[in-house]
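Participant: Have a look at this one.
The values are calculated or read from the model by the stated rules, or taken from the named source; none is laboratory data. Computed from a prediction, not measured in an experiment: that's the story for all the values here. FYI the Cβ positions are ideal-geometry reconstructions off the backbone, even for glycines, and counts take in every protein chain you see. To get the accessible areas, we keep the full protein, side chains included, count just its heavy atoms, and leave off ligands, DNA and RNA. Shrake-Rupley method; radii C 1.70, N 1.55, O 1.52, S 1.80 Å.
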Amino acid sequence: INHIVHNGGLYKRPFNEAFEETPMLVAVLTYVGYGVLTLFGYLRDFMRQWKIEKCQNATEREEQKDFVPLYQDFENFYNRNLYMRIRDSWNRPICSVPGAKVDMMERVSHDYNWTFTYTGRVIKDIINMGSYNYLGFAQKTGACQEAAAKVLSQYGAGVCSTRQEMGNLDKHEELEKLVARFLGVESAMAYGMGFATNSMNIPALVGKGCLILSDELNHASLVLGARLSGATIRIFKHNNMQSLEKLLKDAIVHGQPRTRRPWKKILILVEGIYSMEGSIVRLPEVIALKKKYKSYLYLDEAHSIGALGPSGRGVVEYFGLSPEDVDVMMGTFTKSFGAAGGYIGGKKELIDYLRTYSHSAAYATSMSPPVVEQIITSMKCIMGEDGTTIGEARVQQLAENTRYFRRRLKEMGFIIYGNEDSPVVPLMLYMPAKIGAFGREMLKRNIGVVVVGFPATPIIESRARFCLSAAHTKEMLDTALKEVNEVGDLLQLKYSRRRLVPLLDRPFDETTYEETED
């Protein structure tokens, strides 16, 4: 499905997203692959039960045999027999700054990935296509590192208290004022953990008698926060405005179940960039619906802040909208700013309320001062307040890298999901055997990639996920593309039926498709 939307003037720019349908043969072979793995899994479990094969996994003690199993049976089965085969593709230890290139500790397994041993060798200069280092601020030299080191010598590493007690530093106050200016909102509050910013603040905003309308592909932190709130949760199809509007209409017409009373609040939860799909929220349409049906909007900009918009101010700026139209603006410092933590921005009344009632504010230890300084320095760089144009140049470089990398992959014939401006680039693998094979083959060629499978994605939609950075040079991207092309041929991953025609004289931002024969 290829979307090119202008939608009655709501969009001030083209909105191009592609989610090519899975070829039927590939889908069938993927299910067959999982079926074969499952059959062999049951066979191996049978052999373990009769001591024919050594049982490596944790089991209940003899005196606990009659207890209810601690883990769900299928989850345990999947980990034992499917995940274990490709476990070497995850948790790889790096021993350098996660910049454009990384160093990785070599490890080997002599028991089919049940345990790993380190060889003592370090694999140098792996091109890093997996870290969320969108603007290249994950670095060990430069202004950010020097400022953080200076603050470390002055304040130390930890605060040892909450903000409400003895942990409120002048640096925290400075950061929050800067974040509010950067977002264009009245006030902001910073938190030490991005995940907890969602999971601990949503329960402070809604509760019993409230309704949450959540995108089906929302991040686990939003899902957990919604569940902890005690509010009623209803799911709408990903980025589908007809589905969202139907839920809003039904909520207003029918009210709460049984009593039919009106909902106390209706809160719409969406993300700026969806980190597994590479898609961008249809924010102009969401805001139009929010205004029409008098509901509230909670926008998670974890991946979009810094990475979208002419000056890196996220998806609101990308669409040319007003921050006042978003009730709760949430984001993290862990990606574009090369630090840790999260923030919530909005009206002063909202932030004052959260300072008192948010569990993250009341019980969590304050942010580490060097981390705060890293965020302040990088944010000022993006805003141009450091007296340079480095930040602006990085935002533009990321946009160029994104479009170039996506276009080249499509030209090669891979199925690529998401929006053409999204720096998260999912390349579809589908078959279970190709998940581990792709990760290993790329590592052999000194390219570090993230591969993703079930349960993080639907069972037949396994993928490799590339995250682009302003720190990537064209030479790095060309090297990575050359190796991806080679591995794609080796593993037969070029499933797309809609090959992009590479025309040398074509303008950079135009696309031409020709239908290829099945």
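Participant: Can you give the charge dipole size of region 143-383 about its Cα centre, rounded to the nearest 20 debye, using +1 on the beta carbon of Lys and Arg and -1 on the beta carbon of Asp and Glu?
Facilitator: The dipole magnitude comes to about 1020 debye.
Participant: Shifting gears a bit: Between rounded, prolate and oblate, where does the chain land on the alpha carbon gyration tensor, with a ≥ b ≥ c its root eigenvalues, rounded for a/c under 1.5, else prolate if a/b exceeds b/c?
Facilitator: Numbers: a/c = 1.25, a/b = 1.20, b/c = 1.04.
Here the chain falls in the rounded category.
Participant: Before rounding to the nearest 500, sum -39500 (n - 2.57) across all DSSP H runs of length at least 4 in the chain and divide by the residue total; then give [θ] at 222 nm in deg cm²/dmol.
Facilitator: Numbers: 15 runs with 196 residues, N = 518.
Computed ellipticity for the chain at 222 nm equals -12000 deg cm²/dmol.
Participant: At a threshold of 8 angstrom on Cα-Cα distance, excluding pairs fewer than six apart, so keeping six or more, what relative contact order does the chain reach in percent?
Facilitator: 18 percent
Participant: If you take the square roots of the eigenvalues of the alpha-carbon gyration tensor of region 24-86 and sort them as a ≥ b ≥ c, do you get rounded (a/c under 1.5), prolate (a/b over b/c) or oblate?
Facilitator: Prolate, since a/c reaches 1.5 and a/b exceeds b/c.
Participant: Considering only the chain, what is the antiparallel percent among its DSSP beta bridges, to the nearest 5?
Facilitator: Among the beta bridges of the chain, antiparallel pairing accounts for roughly 65 percent.
Participant: Stretch LYS65-ASN79 to full length: gain in nm at 0.36 nm per residue minus the Cα-Cα span? Walk me through the numbers before you get to the answer.
Facilitator: Details: separation 14, 0.36 × 14 = 5.04 nm, distance 2.03 nm.
The span from LYS65 to ASN79 would gain 3.0 nm if fully extended.
Participant: With a 10 Å radius around each residue's Cβ, average the other Cβ atoms per peptide and rank 272-280, 383-391, highest first.
Facilitator: Numbers: 272-280: 24.6, 383-391: 14.6.
Highest-to-lowest ranking by the protection proxy: 272-280, 383-391.
Participant: Whole angstrom only: what separates the Cα centroid of region 22-68 from the Cα centroid of region 194-255?
Facilitator: That distance is 35 Å.
Participant: For region 110-171 and region 339-365, what is the centre-to-centre distance using only Cα atoms, to the nearest Å?
Facilitator: Measuring centre to centre over Cα atoms gives 23 Å.
Participant: Shifting gears a bit: Kindly sort TRP263, TRP50, TRP90 by accessible area of their heavy atoms, largest first, with the probe set to 1.4 Å. Provide the component values of the computation, followed by the final result.
Facilitator: Details: TRP263 30, TRP50 165, TRP90 60 Å².
From most exposed to least exposed: TRP50, TRP90, TRP263.
Participant: If you rank VAL484, VAL253 by how much accessible surface each has, with a 1.4 Å probe, what is the order from largest down?
Facilitator: The residues order as VAL253, VAL484, largest area first.
Participant: Still on this model: Using the heavy atoms of the protein chains alone and a 1.4 angstrom probe, what is the accessible area of the chain per residue in square angstrom?
Facilitator: Value returned for the chain: 48 Å² of accessible area per residue.
Participant: Give the long-range amide H neighbours of GLU53: residues separated by 5 or more places, or on another chain, with amide H under 5 Å away, using H modelled in the peptide plane at 1.01 Å from N.
Facilitator: ARG48
Participant: Further question: Of all the accessible heavy-atom surface of region 143-383, with the other protein chains kept in place and a 1.4 Å probe, what percent is carbon and sulfur?
Facilitator: Carbon plus sulfur share of accessible area: 54 percent.
Participant: Is there a pair in LYS237/LYS380; LYS177/LYS246; LYS101/LYS177; LYS290/LYS410; LYS150/LYS335 whose C-alpha atoms are over 31 Å apart, and which pairs would that be?
Facilitator: Going by Cα-Cα distance, LYS237/LYS380; LYS177/LYS246; LYS101/LYS177; LYS290/LYS410 fall outside the 31 Å limit.
Participant: Something else: Place a point 7 Å from Cα of TRP114 in the direction of its Cβ. Which residues in region 16-49 have their backbone N less than 11 Å from it?
Facilitator: Output list for this probe position: 48.
Participant: Exactly which chymotrypsin sites (Phe, Trp or Tyr not before Pro) in region 385-425 are in a DSSP loop and have at most 15 other Cβ atoms within 10 Å?
Facilitator: For chymotrypsin sites (Phe, Trp or Tyr not before Pro) across region 385-425 that sit outside H, G, I, E and B with at most 15 neighbouring Cβ atoms in 10 Å, the list is empty.
Participant: Would you grab the residues whose amide H sits under 5 Å from the one on TYR430? Only those 5+ places off in sequence or on another chain, please, with H modelled 1.01 Å from N.
Facilitator: SER462, ARG463
Participant: Test of understanding: what is the full-extension gain from MET24 to TYR353, defined as 0.36 nm times their sequence separation minus their Cα-Cα distance?
Facilitator: In short, 113.2 nm is gained.
Participant: If you restrict to DSSP beta bridges whose two residues both lie in region 143-383, what percentage is antiparallel, to the nearest 5? Walk me through the numbers on the way to the answer.
Facilitator: Numbers: 11 of 28 bridges.
Antiparallel: roughly 40 percent of the beta bridges in region 143-383.
Participant: What are the residues whose amide H is under 5 Å from the amide H of GLU271, where those residues sit 5 or more places off or on another chain and H is modelled from the backbone?
Facilitator: It is ASP300, by chain and number.
Participant: Using a 1.4 Å probe and counting only protein heavy atoms, arrange ASP489, ASP250 so the residue with the most accessible area comes first.
Facilitator: Largest to smallest exposure gives the sequence ASP489, ASP250.
Participant: If ligands, DNA and RNA are left out, what is the accessible area of GLU62 with a 1.4 Å probe, given in Å² to the nearest 10?
Facilitator: Spelled out: GLU62, probe radius 1.4 Å, area about 140 Å².
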